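This report refers to the structure that appears directly beneath it.
Since every read-out is calculated from the coordinates, none of them should be taken as a lab result. All of these numbers come straight from a predicted model, not from anything done at the bench. Quick reminder, even Gly has a Cβ in these numbers, built from the backbone with ideal geometry, and neighbours come from all protein chains shown.
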Amino acid sequence: MKRILVTGGAGFIGANFINNILNKRDDVEIVNLDKLTYAGNLENLKPSEDKKNYHFVNGDITNSELINYLFQKYKIEYVINFAAESHVDRSILGSQIFYHTNVIGTNVLLEASRRFDVKKFLQVSTDEVYGSLGPTGLFREDTPLSPNSPYSSSKAAADMMVNAFYHTYGMPVVTTRCSNNYGPLQFPEKLIPLMTLNVLSGKKLPVYGDGLNVRDWIYVIDHNEAVELVFENGREGEVYNIGASQEMTNIEIVKLILNALGKTEDLIEYVKDRPGHDRRYAIDSSKIQNELGWKPKFKFEEAIQKTITWYLENKNWWERILSGEYQKYYNNLYGNR
Ligand code: NAD
Ligand code: DAU
């Protein structure tokens, strides 16, 4: 049995990760530590909440006393750090919480992992640490870090810290850097769920700038399978890029969603650009493909339709987010906080 501390497991990618791994494996015990910020939703974990090898702890990764206690209580052997403030627009409005959680939080986890001699520490990072590409070229693992937003700079700082703990203390760390995810359970502030829900409610679709910024999209299940593979077989001290080579402009995505929902383009509204808006991201994932044998299973055309259908079929999930009801689910399960 592998005892793993998974942080941020009530968010979009972490919850998909936990539900997926607990559905297919019984050789792992997961302790999910999540602060339940606005982005954390315990309802995401309904498929896992009754499993014996799953435990939820409501807490903050920056709380070193709590982290030390959890390492002892659950005899933690492995850490997978998904927890982060993750939304670029929010980091532009206020950067402090981004540096607190993403940098200090990672430091607290690394220090505890060092103290308790963890067997592996996996840092879930992002392609945004590489900055912005021109019309050609791809991010490789040796592309210099050049982050442009408070969010991406906080993630880059954490990546460098992880690297420092490997070189200085010989800690068994590994880092993944993935491109833009989409799929079920994504909080409706990110492009795809936001546009989908706006179309469903007849609201305008705010496209930043000229709509021609490019993102490289990957289905969340493909990302998580890569994370699991790196967790099992990734070489210590290494970075692995994860991406599905699916570049799209934002306006293409918006039009695709309109088309899938049978609505016309007059809902599109071009608005003021995001400050410091990165123009293009695109991932070279040949390292993980060649070294670990990973490749994406989902084709964009099918998985985006599957995603839109999921939002259509799970109205209750997103209505509870829009109304704020989802934040009461903790009390239903565990009593008043
Ligand atoms: P998310 O915002 O949906 O979820 C983040 C989770 O972390 C939430 O459950 C939140 O409550 C929790 N959290 C925040 N601060 C915390 C703290 N101080 N202590 C404990 N828990 C805390 O994010 P996501 O999209 O699921 O992203 C997960 C990770 O993957 C992040 O590290 C992000 O940088 C990275 N990533 C995301 C994408 C993407 O497209 N969404 C792509 C590449 C990498
Ligand atoms: O590349 C990986 C990153 O992808 C992750 O590290 C981040 O956590 C995740 O939030 C995401 O960052 P982006 O900034 O690329 O994602 P977002 O969904 O916010 O925006 C995608 C693109 O769509 C971006 O070019 C901005 C644009 N956009 C976004 C919103 C929310 C709009 O045009 N209008 C919008 O309302």
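Students often get this wrong, so check it: of 190/297; 119/155; 46/295, which have C-alpha atoms separated by over 25 Å? Over 25 Å apart, Cα to Cα: 46/295. Scaled to the globular estimate 2.2 N^0.38 Å, the Cα spread of the chain, given as radius of gyration, is 0.96.
Per-residue ellipticity at 222 nm, computed for the chain from helices alone with -39500 (n - 2.57) per DSSP H run of at least four residues, works out to -12000 deg cm²/dmol. Across region 59-70, coupling constants 3J(HN,Hα) worked out from phi with the 6.51/-1.76/1.60 Karplus curve, θ = phi - 60°, read x, 10, 5, 8, 8, 5, 4, 5, 4, 4, 4, 5 Hz, and Gly and Pro carry x. Remark: region 2-334 carries a charge dipole of roughly 420 debye about the Cα centre, counting +1 on each Lys and Arg Cβ and -1 on each Asp and Glu Cβ. Applying 1/(1 + (r/R0)^6) with R0 = 41 Å to the Cβ-Cβ distance of residue 72 and residue 25 gives a FRET efficiency near 0.95.
Close amide H pairs (under 5 Å, H built 1.01 Å from N) link residue 270 with 207, residues at least 5 positions away or on another chain. Evaluating 6.51 cos²θ - 1.76 cosθ + 1.60 at θ = phi - 60° for every residue in region 196-206, the Karplus couplings come out as 4, 5, 5, 4, 5, 9, x, 8, 5, 10, x Hz, glycine and proline recorded as x. A cut-off of 5 Å between modelled amide H atoms, ignoring neighbours fewer than 5 places along the same chain, links residue 237 with 173, 174. Determine the percent antiparallel among the DSSP beta bridges restricted to the chain, to the nearest 5. Antiparallel: roughly 5 percent of the beta bridges in the chain.
The distance between label points at residue 292 and residue 119 comes to 1.6 nm (points 7 Å beyond Cα on the Cα→Cβ vector). The calculated P(r) of region 103-200, using every Cα pair and 10 Å bins from 0, goes 14, 37, 31, 15, 3, 0 in percent.
In terms of packing, defined here as the mean over residues of other Cβ atoms within 10 angstrom, the peptides 322-334, 205-217 line up highest first as 205-217, 322-334.
In percent, rounded to a whole number, the relative contact order of the chain is 17, using alpha-carbon pairs under 8 Å and six or more apart. Stretching the chain fully between residue 264 and residue 140 yields a gain of 40.8 nm (0.36 nm per residue, less the alpha carbon separation). Amide hydrogen proximity for residue 28: with H placed 1.01 Å from N in the peptide plane, the residues at 5 or more positions away or on another chain lying under 5 Å are 2. Evaluating 6.51 cos²θ - 1.76 cosθ + 1.60 at θ = phi - 60° for every residue in region 209-226, the Karplus couplings come out as x, 8, x, 9, 5, 10, 10, 10, 8, 9, 6, 4, 5, 5, 4, 5, 5, 5 Hz, glycine and proline recorded as x.
When DSSP beta bridges are restricted to pairs lying wholly in region 165-318, around 20% turn out antiparallel.
The stretch between residue 236 and residue 63 holds 59.7 nm of extra length on full extension. This uses 0.36 nm per residue minus the Cα-Cα distance. On full extension, the segment bounded by residue 49 and residue 277 gains 78.2 nm, given 0.36 nm per residue less the C-alpha separation.
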